[in-house]
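Presented below is the structure to which this report refers.
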């Protein structure tokens, strides 16, 4: 048991009970009820619970259920399911479409489950990491099962440093540097093609200007804040004032002891 962490989480009284040899759940002295097996003793060292409370929380047969799960996993490893076919092009994905077909990045050949799977104009499949290294190519997110371009709530486009989400021909939100800088978009920006939006942002940067992530004003100097925000001086001062208000009014995370606006927990 990490006593310092548990106390910081607000369980000071429970930690003190465990230190005195008392179950923090029922208050009975630990020595009054013997533990059933070695696994129960290990659980006591983690949670401080007596045998009776362990059974109440996990069930009296929790060890046998764990053993049966391990048996199932061992059986799967000894008799693996049907071999999975990995494809790295849209054409192959649509042609071979079935439950055992998975996407494979055509650049790094990884077959893990990516956050987003993209295609290039030639129909090659890429993971969300490799698209960052390929310049001047517009990538569109796809449905991993069908190979069709994503529709609905989260169709995304990647072009150089820009990632944006576009629904019905209108950009809803955009990031630069793959999530490091949140862009504030006006109505004119939302109607642009992703490549046009990138070129516009690039031209602003070449003039030494950056967009404030809050008000959208073009300024020469910005201040970095949490959650991908680059703020102008005015918005920066407002954010600092709000953080100070949180400190004075006790809006503090119990884990990291930082104001909620500065908390990453």
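Coordinate-derived values only; no laboratory data. Since we're looking at a predicted model, the values are computed, not measured. Methodologically, a virtual Cβ is constructed for each residue, glycine included, from the backbone with ideal geometry; neighbour enumeration extends over all protein chains shown.
Pulled fully out, how much extra length does the chain show between residue 102 and residue 3, if you take 0.36 nm times their separation in residues and subtract their Cα-Cα distance?
On the way: separation 99, 0.36 × 99 = 35.64 nm, distance 4.45 nm.
Computed gain between residue 102 and residue 3 is 31.2 nm.
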- Note on the structure: Taking 0.36 nm per residue of separation between residue 184 and residue 91 and subtracting their Cα-Cα distance, the length gained on full extension comes to 29.8 nm
- Message: Give me the one-decimal nm value for the distance between modelled label points at residue 206 and residue 45, 7 Å along each residue's Cα-to-Cβ direction.
- Response: 6.4
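Would you mind classifying the range 217-265 by shape? Square roots of the alpha carbon gyration tensor eigenvalues, ordered a ≥ b ≥ c; an a/c under 1.5 is rounded, otherwise it is prolate if a/b is larger than b/c and oblate if not. Write down the numbers at each step before the final one.
Working: a/c = 4.49, a/b = 1.91, b/c = 2.35.
Cα axes put the range 217-265 in the oblate bin.
Starting with the highest mean, order 135-141, 220-226 by the number of other Cβ atoms within 10 Å, averaged over the residues of each peptide. Walk me through the intermediate numbers first.
On the way: 135-141: 16.1, 220-226: 14.0.
Per-residue Cβ counts within 10 Å, averaged per peptide and sorted highest first, yield 135-141, 220-226.
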- Item | Inter-site label distance for residue 252 and residue 38 at 7 Å from Cα along Cβ, in nm | 4.4
- Query: With labels modelled as points extended 7 Å from the Cα through the Cβ direction, what inter-label distance (nm, one decimal) is found for residue 132 paired with residue 218?
  - Reply: 2.8
